[in-house]
Each structure stands twice: as structure tokens, then as C-alpha cells.
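The values are calculated or read from the model by the stated rules, or taken from the named source; none is laboratory data. Only a predicted model underlies this, so the values are computations on that prediction, with no experimental measurement involved. Cβ atoms come from the backbone with ideal geometry, glycine included; neighbour counts cover every protein chain shown. The accessibility values were calculated without ligands, DNA or RNA, using every heavy atom of the protein model including side chains. Shrake-Rupley method; radii C 1.70, N 1.55, O 1.52, S 1.80 Å.
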Amino acid sequence: MQPTKVAVIGSGAVGTDLLMKVLHGAPGLEMAALIGIDPDSPGLVRAAELGIPTSSRGLAGLLAMPHFDEIALVFDATTAGAHRANVTALAEHGKRIVHLTQSALGARVVPGVNLDAHVGAGNINVLTGSAQATVPLVAAIARITPVLEAAVAAVVAGGHATAMTRDRIAALTDTTAHALTTVGGALRGRASLDLDRSDPPRTAVTTLRAAVGELDRRGRAAVAAAVREAASRVTGYSPGFRLTGEVEIEEVRARTHEVTVGVELTGAGAHLPVHAGGLDLMTAAAVRIAERVAVSSAR
């Protein structure tokens, strides 16, 4: 089977990380273009050095490329506002989209949870790093017993997240909380995000606390096994994802147990720094989704 040609719109850190992951870890995909708006951006410079077609004219530059018709899928690593225009223009040409923006558009997908159900979607939303890290665990627990509430607390390196405004943090946590219910299956979802200003930066960590009903010994063992299995599947496409310890399950009040899971996210270092584990997990998930879409489209 011939590799599926893909393009990336957005030549910043996330877009460049996608470029490198496709080039060095996705044999079923072929990088056909990197698109930006700043001709001097490091991403465009790096892509040109690697012989990848580039344009600094944004979406118009992609549409004007002589091999545009050969491109089947586009990664969108721009902004929520730009994504709306990109979706409209690319849909007219029948292009599939996997986006890593904060736009709410598109089917919300987490590999290993609901990718099969949405593999045919024209626009796929990769959500947030926290969602990609915890929704698989919540969904695994929910297959054993109802999850009454899922609460996620993420801590990321503040130095890498200097552009994080209160509004942006609120948007990220709202997206994560919504994904815990709509994708993970929890009845309620909460999420928080704190910035760690340590120097040197520390690895991103996330803690999931899931409230469930009463569990006997067999039920506790089943939940712990399901969480470990779900974590193993994530590690399959994002090796820096790991549980920080045992799955803890304790009774917090009558007929209610709490499942606590700690997760460490270390980036692969394709382009993003290793401490940007949440973003790295997003790009890894995006590439896994694109690979699955490519296989499905070829059938």
C-alpha cells in the first residue's frame, strides 16, 4: 500500500513536531507539505532543509501547491479561529482534517476509546493533552463500573507554557472536563491545570481521581487491571506515557470508592522539549489517528 500523503498547517512547535513524527515514525504516511505564515519560522526552515515542500502563504499557499490534489489528510496546528476557515476551505476539496487547535469543531477522538466510531469523520478533534492522558483510563474504569465523577489535575512546565492566559487555561480545562463525560463515560467531569515554574523544567504529571460505587475485592482487581491495560495501549503510540505507581482504590465513604491514578508524560523529543509531555501526547495521538484513517480509507 502506498503511503498516504499528508500536510501540516502551522509551522510552530506543534506543527514541527508533527512533521518530525510523520517523517521518522509513521511509515504509512508521507509528509507532503508544511505550511506557515512566517517564512523565517524555524519549522519552515527545517522542513525546507529536509526537502519537504513549504509555503509561508498559509492556507492559500497549500491550495496553490501543484500536488495539492494528492494530499488526502491535513493536520491543523493553527488556532481555533483559523481552524474554522481551514475546515470550510479544505472540506470543499474533500480533505480529511485532524486538528490540534482549541476549536470545539470536529469529532472528539481519543485513540483506543472511540477512534473506530469516528474513523470516517471529515474533521477530528484531538482535544487536550490531559484528555488524551486520562480519558482512556476513565473509559476503562467505566467498562467495569459506573464512574460517578472523574477529576483530573494536571501540572505542566510553566516555562514552556508562558503563553497560557487565564482564558486559555479555562478553555483547556473545560475541554478536558467535557471529554471525561462525552468520551470517557463519566457522569460528571472536572479538570484543573497548574503551571510549574521549576528550572530546569520538570516532567508533566497528571492525577486522575475517579469516584465509583462500592467495589468488592474482585471489582477492585478488575478496575486496576483495566486501567493498566488502557495505559499500555497509550504507551504503544506514546512511549513517554507511564503510570507513576500502583492503581490506588480506597473507600472514601459508604458505598463509594475512589480510584486514583498518577500519570507521567515525557515527550519523545522529536521537536518539542521532553518536558512538554502533554503536547507531545497530542501529536502522538494525532499521528496514530491519521494512520488509522489512512488504513480505513485505503480499504
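Residue-by-condition table, conditions (1) within 25 Å of GLY267 (Cα to Cα); (2) surrounded by 20 or more Cβ atoms within 10 Å (Cβ to Cβ); (3) out of contact with any Gly (no Cβ under 7 Å at 6 or more places or on another chain):
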{"site": "GLY189", "(1), (2), (3)": "no, yes, yes"}
{"site": "PRO201", "(1), (2), (3)": "yes, no, no"}
{"site": "SER232", "(1), (2), (3)": "yes, no, yes"}
{"site": "GLY236", "(1), (2), (3)": "yes, no, yes"}
{"site": "LEU243", "(1), (2), (3)": "yes, no, no"}
{"site": "GLU251", "(1), (2), (3)": "no, no, yes"}
{"site": "ALA254", "(1), (2), (3)": "no, no, yes"}
Please go through segment 55-79 and give me each residue that is touching a residue at least 40 places away in the same chain (Cβ under 8 Å), outside any loop (DSSP other than H, G, I, E, B) and open to solvent by 20 Å² or more (accessible area, probe 1.4 Å), ordered by number. LEU59, GLU70
Test each condition in (1) in contact with an Asp or Glu (Cβ under 9 Å, 6 or more places away or on another chain); (2) of a type outside the set (A, V, I, L, M); (3) modelled with pLDDT under 95 for TYR237 and report the one that comes out false. (3)
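Please determine, by comparing only the residues of segment 20-41 that are in contact (Cβ under 8 Å) with a residue 40 or more places away in the chain and either assigned to a helix (DSSP H, G or I) or among the small types (Gly, Ala, Ser) (or both), which one is surrounded by the most Cβ atoms within 10 Å (Cβ to Cβ). Before the answer, list the steps.
The initial filter retains those residues of segment 20-41 that are in contact (Cβ under 8 Å) with a residue 40 or more places away in the chain, namely 20-22, 24-26, 28-29.
Keeping just the survivors that are either assigned to a helix (DSSP H, G or I) or among the small types (Gly, Ala, Ser) (or both) gives 20-22, 24-26, 28.
Details: MET20: 20, LYS21: 25, VAL22: 28, HIS24: 10, GLY25: 14, ALA26: 20, GLY28: 17.
Among residues in segment 20-41 that are in contact (Cβ under 8 Å) with a residue 40 or more places away in the chain and either assigned to a helix (DSSP H, G or I) or among the small types (Gly, Ala, Ser) (or both), the one surrounded by the most Cβ atoms within 10 Å (Cβ to Cβ) is VAL22.
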Are any residues in segment 249-271 outside any strand (DSSP E or B) and over 20 Å from VAL6 (Cα atoms), and if so, which ones? ALA254, ARG255, THR266, GLY267, ALA268, GLY269
Identify the residue in segment 42-54 that is exposed (fewer than 15 other Cβ atoms within 10 Å of the Cβ) and in contact (Cβ under 8 Å) with a residue 24 or more places away in the chain and, among all such residues, is nearest to GLU30 (Cα to Cα). LEU50
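Looking at segment 206-224, can you tell me whether even one residue there is touching a residue at least 60 places away in the same chain (Cβ under 8 Å) and open to solvent by 50 Å² or more (accessible area, probe 1.4 Å)?
no
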Identity of the residue in segment 84-115, assigned to a helix (DSSP H, G or I) and more than 16 Å from the chain's Cα centre (by Cα), that ends up surrounded by the most Cβ atoms within 10 Å (Cβ to Cβ): ASN86
Scanning segment 280-299 for residues that are over 15 Å from the mean Cα position of the chain (by Cα) and in a helix (DSSP H, G or I), which turns out surrounded by the fewest Cβ atoms within 10 Å (Cβ to Cβ)? ALA298
For segment 230-248, how many residues are within 18 Å of VAL259 (Cα to Cα) and either in a loop (DSSP other than H, G, I, E, B) or of a type in the set (Asp, Glu) (or both)? 5
Looking for something more than 26 Å from LEU23 (Cβ to Cβ), more than 13 Å from the chain's Cα centre (by Cα) and open to solvent by less than 60 Å² (accessible area, probe 1.4 Å) - is there at least one such residue anywhere in segment 119-137? yes
List the number of the failed condition for ARG188; all other conditions in (1) under 18 Å from the mean Cα position of the chain (by Cα); (2) within 23 Å of GLU248 (Cα to Cα); (3) of a type in the set (Lys, Arg) hold. (1)
